[in-house]
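Data block below; observations after.
The values are calculated or read from the model by the stated rules, or taken from the named source; none is laboratory data. Note that the structure is a prediction, hence the values are computed from the model and not measured. Here the Cβ is made from the backbone with ideal geometry for all residues, glycine too, and neighbour counts use every protein chain on show.
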Amino acid sequence: MQPSKYSPADARILLTYPCPCRKKRKRPSVEETDEFNRELCTLLESSSRILTAHMDSQNLNFHLDRTQRKEHAENLVAVLGKLADAIGKIADKL
């Protein structure tokens, strides 16, 4: 095994300096950040309005579905009651 060509002090220096092969990311300016924040807020507000409209329509659809099911159930109970009365009258005649 070969001894390292760097001393521990050299290793500390190498670790503290950034790698020259890596490029630093450019930090956005304040104007760019403000513009990004405005666009993000606009997008979030738009998404919120769309989601609210969707939830309202879903709520209305569920309400209509419940009302329709209730009416169907009431009609079915009425028809079954009439059928039971008719069968009872037929049984009485026999």
_Only one of Glu31, Glu39 is out of contact with any helix residue (DSSP H, G or I) (no Cβ under 9 Å at 6 or more places or on another chain) and surrounded by 10 or more Cβ atoms within 10 Å (Cβ to Cβ). Can you tell me which?_
Glu39
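Yes/no per residue for (1) modelled with pLDDT of 95 or more; (2) assigned to a helix (DSSP H, G or I); (3) more than 27 Å from the chain's Cα centre (by Cα):
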residue	(1), (2), (3)
Gln2	no, no, yes
Thr33	no, yes, no
Asp65	yes, yes, no
Gln68	yes, yes, yes
Lys82	yes, yes, yes
